Amino acid sequence: MNQFKISKQTEAEKDEFLMECFHDTGIIDSLLQSNYGIISGRKGTGKTALARYLEQNAKKYGLNSVIRISVRNISLGLDDNKKDHVNSILFYVVIKLVQKLLERNVFTGMEKEHWVNFLTQNNLQNISDYETFFESGKGNKTGFSISGLISSLFAKVEGKANVEDNVTFSRTEISNTPSSLIEALRQSFPEGDRVLVFLDDVTDYLDISEEDRVNKEISILQDMLLKLELYNSSLSDSNKGLRFISLVREDLFEYMEGSNVNKLKNDSLLLEWNEDDFARLLIKRLPFYESKLEESLNNPKEAIRLEFPDNIFSESLKDFDTNRYTTNFYAYMVAVSFNRPRDFLKFCYAMRDRLSMKHEVTFENIESAEIEYSDYFTNELRDELFLASRVLGFKADQEKVNRLIDILSKKNAFNSSELRTDLGQYLGEKTSKFGRKKIEAFIEELWWYGILGFKEEKDELINFRYIAGRNPFLVAKIKSYILYLHRGLWWFAQKRKKAK
């Protein structure tokens, strides 16, 4: 069936159907009616998709402009002083923002003239990415000449104390902290305009970080996010409609340290999906609904049930011990996925040649698609674990991930003692006091990423973290838990064993 509006590459940057089929979970209203400076979510939940969609549809939501800045390769200069490194990243962000505001004619008249002069005076007109900025030597602590800005439009800034670093502008009018540019930006930004600035790809590079450097890189990102929060507060207090919004993976907060982590969490809007969202996303993407699109979107769960009848999933769901929902198709998809739009689209892509417009869907169609989908899902597991592997110090290549699945799929359920023994051998750790703590930390990470779930004696269903509203995992209670591999991974592993 080539009418699927789903391509093989479902990443937001490469999704040719994104604008046509974008689904808003309600996060746009939440974002516009608040002052959040961070959007967090698991990889594949649609953070970049949201930024891309708003970038193309700013006027529809009463915004003058939406700007997306990709912040990659920010580990460059990691050996420099931490404060200088953070400032270098923030200088780049502000300079890229000024470039884009000029391109979109947000500045006019004298403001436009002086920002153009600033870029020209510092040879910043052609800076395209952070790597170019850093390699050209513009990201160092020497600073930038702001004489054009200071001497005319922003002359009153000269001589004022810099609150951020407690320095003053010298007569040479050299700025060596990005807060001076933010101050100039605050004063020159047009009254009444609303502009959102999404910082994308902020945490992607952590997946390729060296093991002994990742904690330092996370600390740098933490400082950067805190500085951006200060900038947003200053802009908001001045009634300026300019806001920085960083798109970060949800697990980043788990590896931060210090008393300000909760401050960042409270400044974060979590992107989540529920059954209605899932149904509407697929209705826009699947060919069955094209002739009755609005009707189906108004009653999404019933529309899904008509094309994917509940009864075809009834038998397989008995083996899953997971939550039940209005439709069995969603219950099945939650069981075999991490409940992310990327997973749903990948499964539908796997069904593309296995469904017919003329015949009702059968479970044989679904089961056939599982083979292709399970390869994708195993690779996703490697991506999910990669940051944890860097922090905890274990290798997470595909061979190691496959071994982990083999261990966790030996039985349908484990008590904590059995699992500690097996994972101790896997990690090369003895079950001494120190080794036991490391193994239990690893088990907690497996729960955090949705790879393990648990039951207590009173529970009927398995508690998985990626299913909203479930109980938290507590290491102190691990002896009372029965632990289960993610139902989809377990299900696929059993089928592979039978096939062999």
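The values are calculated or read from the model by the stated rules, or taken from the named source; none is laboratory data. The structure presented is a predicted model; accordingly, all values stated were derived computationally and were not measured. As a convention, Cβ positions derive from the backbone with ideal geometry for all residues, glycine included, and neighbour counts pool all protein chains shown. These accessible areas exclude ligands, DNA and RNA; they are computed on the full protein's heavy atoms, side chains included. Shrake-Rupley method; radii C 1.70, N 1.55, O 1.52, S 1.80 Å.
Restricting attention to region 1-39, the residues that are outside any loop (DSSP other than H, G, I, E, B), at pLDDT 95 or above and open to solvent by less than 40 Å² (accessible area, probe 1.4 Å) add up to 6. Give the residue that is least open to solvent (accessible area, probe 1.4 Å), with candidates limited to residues of region 255-304 that are of a type in the set (Phe, Trp, Tyr) and at pLDDT below 95. Of everything passing the filter in region 255-304, Tyr289 is least open to solvent (accessible area, probe 1.4 Å).
Would you point out which residue out of Glu257, Glu229, Glu295, Glu307 is closer than 22 Å to Met333 by Cα and of a type outside the set (Phe, Trp, Tyr)?
Values: Glu257 fails: closer than 22 Å to Met333 by Cα; Glu229 fails: closer than 22 Å to Met333 by Cα; Glu295 fails: closer than 22 Å to Met333 by Cα.
One residue alone meets the criteria, Glu307.
Scanning region 330-378 for residues that are assigned to a loop (DSSP other than H, G, I, E, B), surrounded by 18 or more Cβ atoms within 10 Å (Cβ to Cβ) and small (Gly, Ala, Ser) gives a single hit, Ser337. Across region 227-236, not a single residue is classified as outside any loop (DSSP other than H, G, I, E, B), at pLDDT below 95 and either crowded, with 19+ Cβ neighbours inside 10 Å or of a type in the set (Asp, Glu) (or both).
Consider Leu489 carefully, then state whether it is at negative phi, outside any strand (DSSP E or B) and modelled with pLDDT of 90 or more. Talk me through it step by step, then tell me what you get.
Numbers: at negative phi: yes; outside any strand (DSSP E or B): yes; modelled with pLDDT of 90 or more: yes.
Criteria met by Leu489.
For residues in region 253-293 being in a helix (DSSP H, G or I) and small (Gly, Ala, Ser), which is nearest to the chain's Cα centre (by Cα)?
So in region 253-293, the residues in a helix (DSSP H, G or I) come out as 253-255, 261-266, 275-285, 287-293.
Okay, now just the ones that are also small (Gly, Ala, Ser), so 279, 291.
Details: Ala279: 21, Ser291: 34 Å.
Result: Ala279.
With respect to Leu50, determine if the residue is open to solvent by less than 30 Å² (accessible area, probe 1.4 Å), free of Cβ contacts under 8 Å to residues at least 60 places away in the same chain and not acidic (Asp, Glu). So Leu50 fails the test.
Per-residue answers, yes or no, for (1) more than 30 Å from Glu217 (Cβ to Cβ); (2) in contact with an Asp or Glu (Cβ under 9 Å, 6 or more places away or on another chain):
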| residue | (1), (2) |
| --- | --- |
| Asn266 | no, no |
| Leu271 | no, yes |
| Ser291 | yes, no |
| Phe313 | yes, no |
| Tyr325 | yes, yes |
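Remark: Arg104 matches the filter, which requires a residue to be under 22 Å from Arg186 (Cβ atoms), modelled with pLDDT of 90 or more and surrounded by fewer than 16 Cβ atoms within 10 Å (Cβ to Cβ). The set of residues in region 72-95 that are at pLDDT below 85 and either assigned to a loop (DSSP other than H, G, I, E, B) or under 17 Å from Tyr231 (Cβ atoms) (or both) comprises Arg72, Asn73, Ile74, Ser75, Leu76, Gly77, Leu78, Asp79, Asp80, Asn81.
Just name the residue that is nearest to Gln187 (Cα to Cα) out of those in region 62-85 that are surrounded by fewer than 22 Cβ atoms within 10 Å (Cβ to Cβ) and touching an Asp or Glu at 6+ places or on another chain (Cβ under 6 Å). Here the answer is Asn64.
One residue stands out in region 417-443 among those that are among the basic types (Lys, Arg) and under 20 Å from Lys477 (Cβ atoms): the one that is modelled with the highest pLDDT, namely Arg420. Number of residues in region 402-416 that are of a type in the set (S, T, N, Q) and either open to solvent by 70 Å² or more (accessible area, probe 1.4 Å) or modelled with pLDDT under 90 (or both): the value is 1. The C-beta contact set for region 97-126 (first residue touching a residue at least 24 places away in the same chain (Cβ under 8 Å), second residue open to solvent by 60 Å² or more (accessible area, probe 1.4 Å), distance under 6 angstrom, 6+ apart or interchain) comprises Leu119/Gln125. Filtered by the rule that a residue be within 18 Å of Lys495 (Cα to Cα), surrounded by 13 or more Cβ atoms within 10 Å (Cβ to Cβ) and either modelled with pLDDT of 90 or more or not acidic (Asp, Glu) (or both), region 315-325 gives Ser316, Leu317, Phe320.
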